[in-house]
Structures are given as C-alpha cells and as structure tokens.
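The values are calculated or read from the model by the stated rules, or taken from the named source; none is laboratory data. Since the structure is predicted, the reported quantities are computational estimates derived from the model, not experimental observations. Neighbour counts are summed over all protein chains in view; Cβ atoms, including those assigned to glycine, are modelled from backbone coordinates with ideal geometry.
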Amino acid sequence: SAPKQIALRVNGSEHQLLLSPDAPLLYALRNDLGLNGPKYGCGLGECGACTVLVDGRAARACILPVGGLGQREITTLEGLGDLAAPDPVQQAFIECQGAQCGYCLNGMIMTVRALLNRKPEADEADIRRELRGNLCRCGTHLEILASARRAVE
Ligand code: FES
C-alpha cells in the first residue's frame, strides 16, 4: 500500500519514516536506519536471522509489517550493547566463540536474550527449545549452546 509517515521506536529513540505500512520491519531497520545487526536470511520467518526484540520478546523482523507496531519498543542487536559495554549474552558468545561465519548469531543472541528476559534461570532444555527455530548452516550448534549456557551463569 501507499507510503505514509510511520513512527518507530527503536533502541530508545523514536524515528519518523515514510514507508508502506506493509513493509517488513527488517527493511526499515537495515535500509532506513542503517542497523545491520538483524540479518536477511530466508525472508519467510523460518530461519531466525532477522530476530529483534519487540517489548522484550523475540520477533522475526522479516515478516513483521511496520504498520502494526504502534508504540512498541523495538530493540536490535545494536541496542543490546556494543564492544565497550556488551550485554551479558553478547559477552558469552564472544567468550565461547559462538560464531563460525556469524550470520545466524544475531538471531541466536536475540533469542537467548528474550529467553533470559522471561526466565533468567533458563536450563539446557529451555535453551534448546528456544533455539530450535534458529538455523545455523555452519553447524556451530555446540559452541552456540555453550555460549547460551555461559550467558545464564
Ligand atoms: Fe527472518 Fe529468516 S530472515 S526468519
């Protein structure tokens, strides 16, 4: 549908963007706001590479229309932390070398963050269940699980 003015709350700031309400949030984040933490993988809601937090819960930005977000708070990987002050989940993935190519890591980190927001004492079974829908084509699953376990500690 036709572009219109849309307000998006991202990483603590409000942005006014001219977008079609049907446009996927992922496009707005990457193309309009220059936030390249969330990745484009499948574009179909199936791989998890594009995961962001919406009001603290994991959501797949590639299938989320910008028009439906209202005042909800969107957090991207950039909003979690940076090298100087990483989120504990980011720190754990660095320490346990959770990355091979790294393409899936945004989704892994954001999904673990969302799990810990809900359940700070998450156990191995919780972590596995939560990450089941996040695909890693390098097969770095053991390092990713180790990173997630470290994040709980
Ligand atoms: Fe969004 Fe794959 S790119 S789930």
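The selection criterion, being under 14 Å from the mean Cα position of the chain (by Cα) and either surrounded by fewer than 17 Cβ atoms within 10 Å (Cβ to Cβ) or over 21 Å from Asp87 (Cα atoms) (or both), does not hold for Gly70.
Taken over region 138-153, residues that are touching a residue at least 12 places away in the same chain (Cβ under 8 Å), in a helix (DSSP H, G or I) and not basic (Lys, Arg) amount to 8.
Results for (1) touching a residue at least 24 places away in the same chain (Cβ under 8 Å); (2) surrounded by fewer than 15 Cβ atoms within 10 Å (Cβ to Cβ); (3) of a type in the set (Asp, Glu), shown as yes or no for each residue.
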position	(1), (2), (3)
Asn31	no, yes, no
Leu35	yes, no, no
Pro38	yes, no, no
Gly48	yes, no, no
Asp55	no, yes, yes
Ile74	yes, no, no
Asp82	no, yes, yes
Ala99	yes, no, no
Cys104	yes, no, no
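Considering region 116-152 alone, what residues qualify as being closer than 14 Å to Cys101 by Cα and among the β-branched types (Val, Ile, Thr)? Hits for region 116-152 are Thr140, Ile144.
For region 128-135, the criterion of a residue being touching a Leu at 6+ places or on another chain (Cβ under 8 Å), among the charged types (D, E, K, R) and more than 18 Å from Arg60 (Cβ to Cβ) is satisfied by at least one position.
Scan region 79-106 for residues that are assigned to a helix (DSSP H, G or I) and in contact with a helix residue (DSSP H, G or I) (Cβ under 9 Å, 6 or more places away or on another chain) and jot them down. Residues satisfying the conditions are Leu80, Pro88, Val89, Gln90, Gln91, Ala92, Phe93, Ile94, Glu95, Leu105, Asn106. The lone criterion from (1) within 23 Å of Ala2 (Cβ to Cβ); (2) at pLDDT 95 or above left unmet by Asn36 is number (1). Among the residues of region 1-53, those identified as of a type outside the set (A, V, I, L, M), within 16 Å of the ligand (Cβ to nearest atom) and not in a loop (DSSP other than H, G, I, E, B) are Pro24, Tyr27, Arg30, Asn31, Thr51.
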